[in-house]
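The values are calculated or read from the model by the stated rules, or taken from the named source; none is laboratory data. Quantities reported herein were computed from a predicted structural model and do not represent experimental measurements. In this analysis, Cβ positions are derived from the backbone assuming ideal geometry, glycine residues included, and neighbour counts consider all displayed protein chains. Side chains included, ligands, DNA and RNA excluded: accessible areas come from the protein's heavy atoms. Shrake-Rupley method; radii C 1.70, N 1.55, O 1.52, S 1.80 Å.
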Amino acid sequence: MLKLHTRLLSNGRRLLNNTTNLKPAIPVISESQPPLTTYFAAKQFTDNYTTKQKAKKLRRREKKLKKKITKEVNILKQYDLKNVPFSVDPVLGNSNCKFIENILNKIDNQEMNLSYGIDRIEFEKVLYGAEKLSIDQSSSNETMRDSIKTIEEHKKKAIEIILNSRNTSAEDKRKLATKYAVEEMQINEGDTASPEVVAGVLTTKIYFMMQHVKKFKKDVTTRVKVEQLVHQRQSILKYLKKISPERYYYTLAKLGLSDDVIIREFAMSKQYLQDFKVWGDKQLVKETKSMKVKNEKVQALRDRIDSYNDLAKQNYELLYGKK
Amino acid sequence: MARQNFVGLVVSQGKMSKTVKVRISNKVYDNRIDKEIVKRKDYLVHDEGNVCKEGDIVRIESIPKISKRKYFAIAEFKQNKGQQFAQYEDLAKSRIKEEQQLFLESFKNHKMEFNKIITQISDMKKLDELSYKLRNGINDDSVNDEVLINEINDIKAKYNINSWPTTESTLELEVNKPVYTNEEEKRVFFMDFILEQLNNEKFQQYKSNILGGNVDKKKNIQKNLMRTWILNVNNELPFKLPE
C-alpha cells in the first residue's frame, strides 16, 4: 500500500515555486501519434499472412535492433558532447562583427582625418588662411597674384599626398585605430582603463598582428605574442563577468566574441591554424594512424545513424501518414 | 518527516532532457590534517520544463526514485544568475543593432558638414577675387560692376558678413579655442605657474597661511597640500592669472 502511494507521487512532479512559467520542451503529441524518433528504423511490419512463428521471430528482431540503435545513438551523442568546437574564432571573433570594420572605415575616410591625427576640416581652413595671407602680402600686380596662387596649389597637393592615409606607416594607422577603439568602448568621457576599453584596444592590436601573421608564416614570435594578447583579453573579460555580467555580455556582442571562447582553454597551436584556415586550406597537422582509424569509425557511425533516420522517417510515414 | 534538502549550483544543463546536474558542496572535518575540507557531490536532478540554466543556484528536494541515478527534483530558485545571463545576451544584440545605425548616421552627418565647409571656403575665395577686381578696376567687357556688387552681396548675406575684408573671424579654428571652460580647469592648466608664484618670497606670508602647521614638512607633501588648496575654487588667489 505504501509503495503504491510513493509511486503515484513520482509521476509529473511539479516545482513548488514558479509553476506558471513551466512549458514542456517537446510539444506533446496525442497518444495516437507518437513523436518521430530514430527507433522507428527498427520497426518490423507484419500482415495477415505472417505465421505465428514468423511474427515471433520478427518481434525478437525488432527488440534487438532497437537496442543496437539506442546504443549507437548514445555513443555518437557522447562523442559530440565531448568534442564541441568553438562557436566563433577565438582570436579574430565573429566575421559578421562590425567593430573592426567600422574602425578601418574611419581610418580610410579622407574627409574625416589625415595621417598623424590631423583633422581634415582644420587642414582645409588653415591652408585657405595661409593662401590668403601670402596673396595679401604680395603686390597687387595680377601676374604676381596668379603665380602665387599656382605655387599655393602645388603646395596643397604635395601636403595632401604626404598626409594621405595610404602613404602613412602601419604604426600611425594602429595608433589611430587605438584612439577610435577607446572612443567606441569608453563608459564615460576620459575613460581609458575600464575592462571594456582594454578589451577593445587588445582586439585592435590582435587584428593588426594577425594580419602580419597571415603574411609571414615563419614569424613565430609574433604568433606567440598574439597568443599572449588573446589570453590577456580572456582574463580581463573574465574579471568583467565577475563584476558586471550585463556589461560583459554587451562587450562580447560588441567585439564579436562568445562566452565559450572566453571560458575555455585556447592555444595558438597548429590545430587552430588549420581549423580556422589562417593560411588557407592547408594541412598542418599530420593525422596519425590511430587517429585516422578513430575518425573513420566516427564517420561510419554518423553515416549509419543518418541512414537509420531516413529509414525511420519512411516507416513513420507508412504507419501514421505524412506529418 | 521533512524531505532531504540541499542548496547547490547547476553545473550542466541541456545534455539530457528534463535533467540537470547540481553540485552540492559541504565541509567535512578531516582528523588526519586537523582542518575542514570541502567535499563535493554531483546529483542528477529532475527539472520538469527545462527552465534551469548553468550558473543558477537552486534548492533541491528528494523524491521517490525516477531512474537509476535520479532521486531529486528542483524545488526553488535561490539565484537565477544563469537565466539572467541569457537575458543580457539577447539585450546586448538589440543594443548593438541600434548603435550600428547611429554610427552610419554620424558618418553621413560628418560628410555633410565637410561639404558645407568646403563650399564656404570656395565662396570666400570667390569673394576675395571679386573684391580684388572691383578695387583695381580689372573688368571684362561683358560684366558690369553692378553684377559684381550683387554677387558680393549675395555671398555676404549667406554668411552674415558685414564688410569685406573683415577683422572678425569667419572660419573658426579649433586651435584658437581656449583649453579650459571653467575656473577649475583654468587653475589646472596654470598649475605650474601658480605654484611658482606662491613659492616666491613675495607671497611667503600667504604660503605659510595656507600650510598652517605643516610648514616644516617635506617639499612634496607641501606641494600636494597647496595643490588641494588651489583646486578649491572658493579660495581666492592673491594674483591674476594670464589670459
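For the range A:150-199, what ratio Rg/Rh do Cα atoms give with a Kirkwood hydrodynamic radius? Walk me through the numbers before you get to the answer.
Numbers: Rg = 16.7 Å, Rh = 13.2 Å.
Using only Cα positions, Rg/Rh for the range A:150-199 is 1.26.
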What is the set of long-range amide H partners of residue B:72 at a cut-off below 5 Å, with H atoms built 1.01 Å from backbone N? B:46, B:63
How big is the gap, in Å, between the Cα center of the range B:177-237 and the Cα center of the range A:64-81? 79
With +1 assigned to the C-beta of every Lys and Arg and -1 to the C-beta of every Asp and Glu, and no other charges, what is the dipole magnitude of the range B:183-231 about the Cα centre in debye, to the nearest 20? 220
Cα-centre dipole for the protein assembly as shown with unit charges at Cβ (Lys and Arg positive, Asp and Glu negative), debye to 20: 7440
Would you mind checking the tilt of helix A:220-243 against the longest principal axis of the Cα atoms of chain A, expressed as 0 to 90 degrees and rounded to 10? 70
Magnitude of the Cβ-charge dipole of chain B, K/R +1 and D/E -1, about the Cα centre, nearest 20 debye? 2980
Can you give me the relative contact order of chain B as a percent, contacts being Cα pairs under 8 Å and 6 or more apart? 10
Value at 222 nm in deg cm²/dmol, rounded to 500, when DSSP H runs of n ≥ 4 in chain B each add -39,500 (n - 2.57): -14500 deg cm²/dmol
Considering only A:314, A:240, A:221, whose Cα is most displaced toward the positive end of the charge dipole of the range A:210-323, charges sitting on Cβ of Lys, Arg (+1) and Asp, Glu (-1)? A:221
Taking N as the number of residues in the range B:183-231, what is its Cα Rg relative to 2.2 N^0.38 Å? 1.10
Each residue of the range B:42-48 in order: what ³J(HN,Hα) in whole Hz does its phi give by Karplus 6.51 cos²θ - 1.76 cosθ + 1.60, θ = phi - 60°, with x for Gly and Pro? 9, 10, 8, 10, 6, 10, 5
Going toward the positive end of the dipole of the range A:38-191, with +1 on Lys and Arg Cβ and -1 on Asp and Glu Cβ, which of A:86, A:75, A:39 do you reach last? A:39
Determine the equivalent ellipsoid of the protein assembly as shown by diagonalising the alpha-carbon gyration tensor, then write out the semi-axes as square roots of 5 times the eigenvalues, largest first, rounded to whole Å. 72, 38, 25
Take the alpha-carbon positions of the range A:193-233, form their convex hull, and give its projected area averaged over all directions (one quarter of the hull surface) in nm². 2.6
For the range B:204-243, max minus min Cα coordinate along each principal axis, in Å, sorted largest first? 33, 18, 17
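For Cα pairs less than 8 Å apart in space and 6+ apart in sequence, what is the mean separation divided by the residue count of chain A, i.e. the relative contact order in percent?
Details: 217 pairs, mean separation 80.7, N = 323.
Over chain A, the number comes to 25 percent.
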Shape category assigned to the range B:167-207 from the gyration tensor of Cα positions, a/c cut at 1.5: prolate
Pick from B:137, B:49, B:213 the residue whose mean-square fluctuation is largest in a GNM of chain B, springs joining Cα atoms under 10 Å. B:213
What net charge do the residues around residue A:121 carry, taking every other residue with its C-beta under 11 Å from that of residue A:121, with Lys and Arg at +1 and Asp and Glu at -1? -4
Projected onto the charge dipole of the range A:166-225 (+1 at Lys/Arg Cβ, -1 at Asp/Glu Cβ, origin at the Cα centre), which of A:176, A:202, A:212 gives the Cα projection farthest towards the positive end? A:212
By how many degrees, between 0 and 90 and to the nearest 10, does the Cα long axis of helix A:120-137 differ from the longest principal axis of chain A? 10
Across bins of 10 angstrom width beginning at 0, how are the C-alpha pair distances of chain A distributed, in whole percent? 4, 14, 16, 16, 15, 13, 8, 5, 4, 2, 1, 0, 0
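Order B:57, B:161 by their accessible area, 1.4 angstrom probe, all chains in place, largest first. Intermediate values should be presented prior to the final figure.
Working: B:57 50, B:161 20 Å².
Sorted descending by solvent-accessible area, the residues read B:57, B:161.
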Return one quarter of the surface area of the convex hull spanned by the alpha-carbon atoms of the range A:243-323, equal to its mean projected area, in nm². 10.7
If you average the sequence gap of Cα pairs under 8 Å that are 6 or more apart and divide by the length of the range A:169-295, what percent do you get for the contact order? 18
I'd like the accessible area for residue B:180, computed on protein heavy atoms only with a 1.4 Å probe and all protein chains in place. Round to 10 Å², please. 50
Would you mind counting up the charge near residue B:7? Only other residues with Cβ under 10 Å from its Cβ, with Lys and Arg at +1 and Asp and Glu at -1. +1
Any idea what diffusion coefficient chain B gets from Stokes-Einstein, in µm²/s, Kirkwood Rh on alpha carbon pairs, 37 °C, 0.692 mPa s? 116
Alpha-carbon Debye profile of the range B:116-220, log10 I(q)/I(0) at 0.19, 0.24 Å⁻¹: -1.02, -1.28
Once both axes come from the Cα atoms, what is the angle between helix A:99-108 and the longest principal axis of chain A, in degrees from 0 to 90, rounded to 10? 20
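How much net charge surrounds residue A:43 when only the other residues with a Cβ under 10 Å from the Cβ of residue A:43 are counted, with Lys and Arg +1 and Asp and Glu -1?
Numbers: positive: A:66; negative: A:62.
Value of the local net charge: 0.
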Regarding the range A:169-295, what is the average projected area of its C-alpha convex hull, in nm²? 9.8
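Translational D (Stokes-Einstein, µm²/s) of the range B:11-132 at 4 °C and 1.567 mPa s when Rh comes from the Kirkwood sum over C-alpha pairs?
Diffusion coefficient, whole number: 64 µm²/s.
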